[in-house]
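*Asks:* Please read through the structure below; I'll follow up with questions.
The values are calculated or read from the model by the stated rules, or taken from the named source; none is laboratory data. Here the structure is a predicted model, which is why all the values come from computation and not from measurement. Here the Cβ positions follow ideal geometry from the backbone for every residue, glycine too, while neighbour counts run over all protein chains shown.
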Amino acid sequence: MLDSSLTRRRFLANAAALATAVVLPRFAFASAPPRMITGEEALHRLMAGNARFASGKLLSPGRTPAHFRPLAAGQNPIATVLGCADSRVPPEILFDQSIGDIFTVRVAGNYANGAGAAVNGSLEYGVEELNVPLVLVLGHTQCGAVKAAIAHLHDDELPAEIKDLVAAVKPAVAESSGTSSDLLINSIRANVKRGVAYLSTVDPILSERVKSGKLKVAGGVYDLATGKVTLLT
Ligand SMILES: [Zn+2]
C-alpha cells in the first residue's frame, strides 16, 4: 500500500516537474530538482546555493505563483533542513533554493534530542514518504536558545515551556564548558553535532536509511554576519 502510493506520488511529482520544465524561464528550469539525487549531491546543491546567497548573486529560483502551481500535484524536495525558528535563518533563502526544494522543520534551538514526535516524526515523514536523501541540521551564530542555555545552565528560572526547550540544549553547553575558546559558538556547534549523531541512530526509519547509504545526515552552522554556512564534520 505504501509502495504503490509512493510510486503514484513520485509519478505525480515527476509529471509536475516536467510541466515546470516546459513553462518556466531557462534559469528556473536549470534549478529544478533532479529526479534522482544522492545526499552528497543534495548537500553540494545547498552549499552552492549558499555561496550564491553569500556573494549576493542569487538566482532566487521558483518564487512566483507560476512555480507554485505545478507543485500542487506533489512535492519532491532534495533535502530536509532542521533549522532554528529564528527569523534570520530562512532555509530557502540562505540556500537560494526554490519552493519545493527543501522540506523544512524549524524549532528554536534546532535541536532533535528530546524534541519528540513533532520533530522526529516530521523528519521521518520527509525521509520515508518523500525519499529525501539528506537531513541537514542547521545551527546559527548568536542563537538565542543556546544563549539562554548558557545563561541558565545551572538554574531553572525560565518561564513555562521555554524552560523545557532550553533544557534540551543544555547538554551541548555542558559538554562545551571548559573549552578554551568561545563558549557560545562551541555550544552552537556541539548542539548541531549532537543532533546529527542522534538523528543518525533514530530507529527504524532514519537509522536504517543511514546504514544502507540512502540517507546522509549532516550538520552546519550559518553565520548571520557573513551569510555563509560552514559544514561541521
Ligand atoms: Zn537560534
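*Asks:* Please find, within the stretch 122-147, the residue that is nearest to the ligand (Cβ to nearest atom) out of those that are surrounded by fewer than 21 Cβ atoms within 10 Å (Cβ to Cβ) and in a helix (DSSP H, G or I).
*Replies:* Step one: of the stretch 122-147, the residues surrounded by fewer than 21 Cβ atoms within 10 Å (Cβ to Cβ) are 122, 124-125, 128-131, 141-142, 144, 147.
Filter once more, so that each one left must be in a helix (DSSP H, G or I): 122, 124-125, 128, 144, 147.
Working: 122: 18, 124: 23, 125: 23, 128: 27, 144: 5, 147: 9 Å.
The residue in question is 144.
*Asks:* Let me ask another. So which of 213, 220, 178 ends up being closer than 19 Å to residue 44 by Cβ and exposed (fewer than 14 other Cβ atoms within 10 Å of the Cβ)? Before the answer, list the steps.
*Replies:* Numbers: 220 fails: exposed (fewer than 14 other Cβ atoms within 10 Å of the Cβ); 178 fails: closer than 19 Å to residue 44 by Cβ.
Answer to the selection: 213.
*Asks:* Residues that are assigned to a helix (DSSP H, G or I), surrounded by fewer than 21 Cβ atoms within 10 Å (Cβ to Cβ), touching a helix residue (DSSP H, G or I) at 6+ places or on another chain (Cβ under 7 Å) and of a type outside the set (D, E, K, R): does the stretch 197-207 have at least one?
*Replies:* The initial filter retains those residues of the stretch 197-207 that are assigned to a helix (DSSP H, G or I), namely 197-199, 205-207.
Applying the additional criterion that residues be surrounded by fewer than 21 Cβ atoms within 10 Å (Cβ to Cβ) yields 197-198, 205, 207.
Checking the rest, the ones that are also touching a helix residue (DSSP H, G or I) at 6+ places or on another chain (Cβ under 7 Å) come to 205.
Still in the list and also of a type outside the set (D, E, K, R): 205.
Scanning the stretch 197-207, I find at least one residue that is assigned to a helix (DSSP H, G or I), surrounded by fewer than 21 Cβ atoms within 10 Å (Cβ to Cβ), touching a helix residue (DSSP H, G or I) at 6+ places or on another chain (Cβ under 7 Å) and of a type outside the set (D, E, K, R), so the answer is yes.
*Asks:* Which one is nearest to the ligand (Cβ to nearest atom), of the residues in the stretch 53-86 that are hydroxyl-bearing (Ser, Thr, Tyr) and either touching an Asp or Glu at 6+ places or on another chain (Cβ under 6 Å) or at pLDDT 95 or above (or both)? Spell out the reasoning first.
*Replies:* Residues of the stretch 53-86 that are hydroxyl-bearing (Ser, Thr, Tyr), as a first pass: 55, 60, 64, 80.
Those left that are additionally either touching an Asp or Glu at 6+ places or on another chain (Cβ under 6 Å) or at pLDDT 95 or above (or both): 55, 80.
Values: 55: 24, 80: 18 Å.
Of everything passing the filter in the stretch 53-86, 80 is nearest to the ligand (Cβ to nearest atom).
*Asks:* Is there a residue being under 26 Å from residue 91 (Cα atoms) and part of a loop (DSSP other than H, G, I, E, B) anywhere in the stretch 163-180?
*Replies:* Within the stretch 163-180 (the criterion being under 26 Å from residue 91 (Cα atoms) and part of a loop (DSSP other than H, G, I, E, B)), the answer is no, since none of the residues qualifies.
*Asks:* Moving on to the next point. Can you tell me which residue within the stretch 107-121, out of those that are more than 16 Å from the ligand (Cβ to nearest atom) and touching a residue at least 40 places away in the same chain (Cβ under 8 Å), is nearest to the chain's Cα centre (by Cα)? Working first, answer last.
*Replies:* Of the stretch 107-121, the ones more than 16 Å from the ligand (Cβ to nearest atom) are 114, 116-118, 120-121.
If we keep only those that are touching a residue at least 40 places away in the same chain (Cβ under 8 Å) too, we end up with 114, 120.
Working: 114: 17, 120: 13 Å.
Among those residues, the one meeting the criterion is 120.
*Asks:* Out of curiosity, is residue 99 over 16 Å from residue 130 (Cα atoms) and either surrounded by fewer than 20 Cβ atoms within 10 Å (Cβ to Cβ) or modelled with pLDDT under 95 (or both)? First the steps, then the outcome.
*Replies:* On the way: over 16 Å from residue 130 (Cα atoms): no; either surrounded by fewer than 20 Cβ atoms within 10 Å (Cβ to Cβ) or modelled with pLDDT under 95 (or both): yes.
No: the conditions fail for residue 99.
*Asks:* Report, by residue number, each residue of the stretch 118-149 that is farther than 21 Å from residue 232 by Cα and touching a Ser or Thr at 6+ places or on another chain (Cβ under 6 Å).
*Replies:* 126
*Asks:* Quick test of your reading of the structure: residue 37 fulfils all but one of (1) within 16 Å of the ligand (Cβ to nearest atom); (2) assigned to a loop (DSSP other than H, G, I, E, B); (3) of a type in the set (Val, Ile, Thr). Name the failing condition by number.
*Replies:* For residue 37, the exception is condition (1).
*Asks:* Please go through the stretch 87-106 and pick out each residue that is touching a residue at least 40 places away in the same chain (Cβ under 8 Å) and either in a helix (DSSP H, G or I) or within 12 Å of the ligand (Cβ to nearest atom) (or both).
*Replies:* Passing the criteria: 88, 89, 91, 93, 94.
*Asks:* So, one more: Take the stretch 49-86 and flag every residue that is outside any loop (DSSP other than H, G, I, E, B) and under 15 Å from the mean Cα position of the chain (by Cα).
*Replies:* First pass over the stretch 49-86, keeping only residues outside any loop (DSSP other than H, G, I, E, B): 49-54, 65-73, 79-83.
Result: 49, 50, 79, 80, 81, 82, 83.
*Asks:* Conditions first: (1) more than 30 Å from residue 44 (Cα to Cα); (2) charged (D, E, K, R); (3) part of a helix (DSSP H, G or I). Residue 155 passes all but one, so which condition is the exception?
*Replies:* Condition (3) is where residue 155 drops out.
*Asks:* As an exercise: evaluate residue 183 against (1) touching a residue at least 12 places away in the same chain (Cβ under 8 Å); (2) within 28 Å of residue 93 (Cβ to Cβ); (3) of a type in the set (A, V, I, L, M); (4) surrounded by fewer than 19 Cβ atoms within 10 Å (Cβ to Cβ) and give the number of the one condition it does not meet.
*Replies:* Every listed condition holds for residue 183 apart from (2).
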